[in-house]
Amino acid sequence: MLFDIDDTLFDYTSSERTGLLGHLAAEGLLESFPSPEEAVALWRGIMEEEYTRFLRGELSFEEQRMVRVRRFLGRAIPDQEAWFGRYSALVTQAWAAFPDAAPVLEALAPHFKLGVVSNSSLQHQRTKLTTLGLLDHFGEAIVCSHEYGRAKPHPEIFLAGCELLGLPPGQVAYVGDKYDVDALGARAAGLRAFWLDRAGGSAVQEEGVTVIGSLEELVAALSPGRSTGGRAG
């Protein structure tokens, strides 16, 4: 089993919101935005655009952070790195795994080799998994796009994860929260694809993609005789 991390095992969205709003309040900037939700939406939109540039190799991991600050504030500030550092510290304080992450990994560990394929940097994600108490489930079976040089949904990074597990793709499943990047990317690489749709309400019934609403549903979906397409549960 290979897993995505952010918004799959780790509640990235909630920690980002908590950290950003706390940071803006501490910096006296919250009232500069029409509402807290609009501030969060702007930050997330900029993040998605600039992080995509990082994944394409147009920006370094550090550069995309600085560009995000300039765009978000609408101007350059004297020490953007320190500004982002204060934001990041508050986000880190809010880091939390989803409640179902640790129990499901513990349930799967006796029966499956577990690993991670992530569009991020290895140091950042290992630190995150250590803080969340999840690193021991994966050991060294972690491949990240920054070091590997390919990002999801490219098939090669999924295949690199399979190599770390010592298994062919046909014997490996992948679980992630992004439909195009995670589910369709894993399926195209020959893995069994699980799309984690925590919000629910998806009408996806595509062949080769199993939709689950929680990690707890993953255990049931992996039982013998379950379908490889549609929604589990």
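The values are calculated or read from the model by the stated rules, or taken from the named source; none is laboratory data. What you see is a predicted model; the values in this text were computed from it and never measured. Here the Cβ positions follow ideal geometry from the backbone for every residue, glycine too, while neighbour counts run over all protein chains shown. Please note that ligands, DNA and RNA were not included when accessible areas were found on the heavy atoms of the full protein model with its side chains. Shrake-Rupley method; radii C 1.70, N 1.55, O 1.52, S 1.80 Å.
Observations
- Partner lysines for K152 [C-alpha distance under 18 Å; skip if fewer than 8 residues away on the same chain]: K178
- For the chain, a Gaussian network of Cα nodes joined below 10 Å ranks D197, D100, D79 by mean-square fluctuation, and the top entry is D79.
- In a reduced charge model with +1 at each Lys and Arg Cβ and -1 at each Asp and Glu Cβ, the chain shows a dipole moment near 220 debye about its Cα centre.
- Calculated mean residue ellipticity, 222 nm, the chain: -14000 deg cm²/dmol, from DSSP H runs (n ≥ 4) at -39500 (n - 2.57) each, averaged per residue and rounded to 500.
- Whole-number accessible area per residue in Å² for the chain, which is evaluated in the context of all protein chains at 1.4 Å: 47 Å²
- Of the peptides 32-43, 6-17, the ranking by mean beta-carbon count within 10 Å, highest at the top, reads 6-17, 32-43.
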